[in-house]
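These notes concern the structure reproduced below.
The values are calculated or read from the model by the stated rules, or taken from the named source; none is laboratory data. Treat the numbers as computed from the prediction; the structure is a model and nothing was measured. Note that we place each Cβ from the backbone using ideal geometry, even for glycine, and neighbour counts take in every protein chain shown.
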Amino acid sequence: MVTDTISWDSWGHYTWTVPQGVSSIDVTLEGAAGGSNSDVSGGVGGLVKATVPVSGGDTIEVYVGGGGDNPTYDNDYDHWGGWNGGGDGGQYETYGVGGGGGGATDIRINGTSLSDRVLVAAGGGGIATDNYSVELAGGDGGGDTGDDGEYASYNNLFAGEGGTQSAGGKGGDNGGEAGSLGAGGDGDSDSYDPNKLGAGGGGGGYYGGGGGGAKTNKEIGAGGGGSNYVAGIATSTRNNQGGAQPDPSVSSVDGSASITYEVPPPGTPQDVSQTVVGDGTIDVSWSAGSGGVADHYELAKSEDGGSWSLVDGNVAGTSTAVSVSPGVDTFRWRVRAVNDSGSSSWGYSATVSTDIDGLSVTSVGAGSVSVSWSDDAPQKDGAAVYIAESSGSSTGDYSLDQTTSASATSATITGLVNGRTYYVRVAAQYDGGTNSPLSNEVSATTDLPAPTLESLDASTPREITLSIAKNDNNPEGVLEIWRATQSGVRSNGVHFTDVDDTTTSYTDTGRLDGVTYHYMITRNTNDAYTDSGELSATTILPAPTNLSYAAVDEDGADLSWTNNANNGSYRVDIRHNGGSWTTVASGIPRSDEAYSLSGLLHGEEYDARVLIETSDAGPVEDV
């Protein structure tokens, strides 16, 4: 398998994206050295080598530590810690005397915070000097615990200690700053000592080393080294103190980082497609497969189903413009990816002809029909959309409604009549003026808005007047009037008459008294029909009149009345001495108009009433 390596050897923040198809990387990190001089070296940066699992597209944030400043003994202030966590060296008044701690080198995956660190190679501690007799080496960075800085023979408490896996290194006595997560502590100095003391800064790391303390030339310490770190997801092969060697001839010694990965063979190109951009030019495009990154692509074509021929063996990107012959009917393309590890399988486009086919209706409105078609004519310069009100077979049977752009695969025909059937075909257009044969024919009937049954008026006996709104723009067809004596008119009623589509009012006469009628309007254009909602109304039930006693005897009376209804039956109620009404007879036919009361008490007062009723109305009475 072919490998590739990316390296960084100067301090700074870098970003690298994992190529597709790569599942692991081998990483080597070296922390930066602490500040040195010609007599003694700063601490050496730590070394980490590990394999880290990754996914294609992951962002690797690379932080390369900067070397700590070498101390100088003039007023140029060189005592600063290296980039990415190195602690500053101690400073005597305006003179840089202590060496800066080296910065850590680390990688972070899909994030830039300290908590995103996966591998850390620690920086070394800076030296401590007094510009005369004291020259103390900084502690080496790295390992699970960094090395402590050197100290003057009088007292080791002034040395900065190495960082660990859980805490920064302790700072030296008398002002040495403790290390912390990701940063070394600053070294101290004593501006009142005539020896111009300057302690070393701690090295950066997972946890930084402590800065040295300073009191006298026998009470001073160098900076401690930071600690390395290997996250649980990584598999390490080296986790050592030491890495980059300091060179006193340069101002600082930076860390370094390198990533090596196996280059996977490229994946098969996906979504190979073609788009006509001119009379003799086709753009072929595709997307990269899921394997390794391609160095280049090979493109071949087949014309009219013939054999494959190589068009371009070195396409740099994922699209290219190809000159083609306008006389060829169909094209098919295939593409494969190539890199140092090999070639992918071929990815294929669909075969595309110069004729439009696959026409279908996609949506229908009250005044519109939308159609779409397959993009089967990559060389077309446009599409002509034809429409007719009857089925046809040639261009002369239709009217041209519109032309579209070359890239269009749909069209909407507007301004159509509601509830009418239309027939549509499409043809590919070419600059030469000759269109392709017509596509397949599709038909659609525009939506027909439902009519509105606005109201029913039953105020006239034995009549119900309907108020109607048509609601469509079709001049053809009729309004059907439906009637039933229960709800669900289409299922339970009758279509008893048609009226002209311009009708706004219709009176249904000759109805039975006291009956509830349900009505519905159907709009029928011959191509479509649609129903209104239902309304109901009850005809007037007229009361009987002229109720009288035709004869009265000692225990009975003969009643008579005039019937005024064409529906229903009568009921007779009586009451004794102003009491409650009691029904004495019901279901009396309308034609009888008389009833004889019997069994009454002698000499008592009785009232009588006659009522007419139906299943939908009443009772209505005459007393």
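In the set (1) modelled with pLDDT of 90 or more; (2) among the polar types (S, T, N, Q); (3) surrounded by 24 or more Cβ atoms within 10 Å (Cβ to Cβ), the condition left unmet by N70 is number (1). Scanning the stretch 479-500 for residues that are under 16 Å from T452 (Cβ atoms) and among the aliphatic types (A, V, I, L, M) yields L479, I481, V489, V499. Does the stretch 473-488 include one or more residues that are of a type in the set (K, R) and touching a residue at least 60 places away in the same chain (Cβ under 8 Å)? Looking through the stretch 473-488, none of the residues is of a type in the set (K, R) and touching a residue at least 60 places away in the same chain (Cβ under 8 Å).
Matching residues to (1) over 34 Å from the mean Cα position of the chain (by Cα); (2) crowded, with 21+ Cβ neighbours inside 10 Å; (3) under 30 Å from G221 (Cα atoms):
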residue	(1), (2), (3)
M1	yes, no, no
P19	no, no, no
A32	yes, yes, yes
A50	yes, yes, no
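Selection over the stretch 406-420 of residues that are surrounded by fewer than 18 Cβ atoms within 10 Å (Cβ to Cβ) and farther than 18 Å from G358 by Cα gives a count of 2. Among the residues of the stretch 428-441, is any in contact with a Ser or Thr (Cβ under 7 Å, 6 or more places away or on another chain) and surrounded by fewer than 18 Cβ atoms within 10 Å (Cβ to Cβ)? Looking through the stretch 428-441, at least one residue is in contact with a Ser or Thr (Cβ under 7 Å, 6 or more places away or on another chain) and surrounded by fewer than 18 Cβ atoms within 10 Å (Cβ to Cβ).
When we screen G514, G579, G510 for residues that are more than 60 Å from the chain's Cα centre (by Cα), over 22 Å from V489 (Cβ atoms) and either modelled with pLDDT under 95 or not assigned by TED's automatic domain parsing to the domain that holds G419 (or both), the only hit is G579. If you go through the stretch 507-551, how many residues are outside any loop (DSSP other than H, G, I, E, B) and either β-branched (V, I, T) or touching a His at 6+ places or on another chain (Cβ under 6 Å) (or both)? Number of matching residues: 9. Counting only strands (runs of 3 or more DSSP E) that fall entirely inside the stretch 420-488 and contain at least 3 residues that are modelled with pLDDT under 95 and over 30 Å from A543 (Cα atoms), the qualifying elements are 421-429. Taking the stated definitions as given, is S596 surrounded by 12 or more Cβ atoms within 10 Å (Cβ to Cβ), touching a residue at least 40 places away in the same chain (Cβ under 8 Å), out of contact with any Ser or Thr (no Cβ under 8 Å at 6 or more places or on another chain) and assigned to a strand (DSSP E or B)? Spelling it out, S596 is indeed surrounded by 12 or more Cβ atoms within 10 Å (Cβ to Cβ), touching a residue at least 40 places away in the same chain (Cβ under 8 Å), out of contact with any Ser or Thr (no Cβ under 8 Å at 6 or more places or on another chain) and assigned to a strand (DSSP E or B).
Within the stretch 609-623, the set of residues being surrounded by 19 or more Cβ atoms within 10 Å (Cβ to Cβ), part of a strand (DSSP E or B) and at pLDDT below 95 comprises just one member, V620.
Per the listing S370, S391, S374, the residue uniquely assigned to a loop (DSSP other than H, G, I, E, B), at pLDDT 95 or above and of a type in the set (S, T, N, Q) is S391. In the condition set (1) charged (D, E, K, R); (2) more than 29 Å from G618 (Cα to Cα); (3) in contact with a helix residue (DSSP H, G or I) (Cβ under 8 Å, 6 or more places away or on another chain), D500 is compliant with all but (3). Checking the structure you have, find out if any residue of the stretch 349-363 is more than 34 Å from the chain's Cα centre (by Cα) and outside any loop (DSSP other than H, G, I, E, B). Looking for residues that are more than 34 Å from the chain's Cα centre (by Cα) and outside any loop (DSSP other than H, G, I, E, B), one finds none in the stretch 349-363, hence no. The set of residues in the stretch 303-326 being assigned to a loop (DSSP other than H, G, I, E, B) and closer than 14 Å to I282 by Cβ consists of V324, S325, P326.
Residues checked against (1) among the hydroxyl-bearing types (S, T, Y); (2) in contact with a Gly (Cβ under 9 Å, 6 or more places away or on another chain); (3) closer than 30 Å to G367 by Cα:
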position	(1), (2), (3)
H518	no, yes, no
T545	yes, no, no
S548	yes, no, no
D573	no, no, no
N577	no, no, no
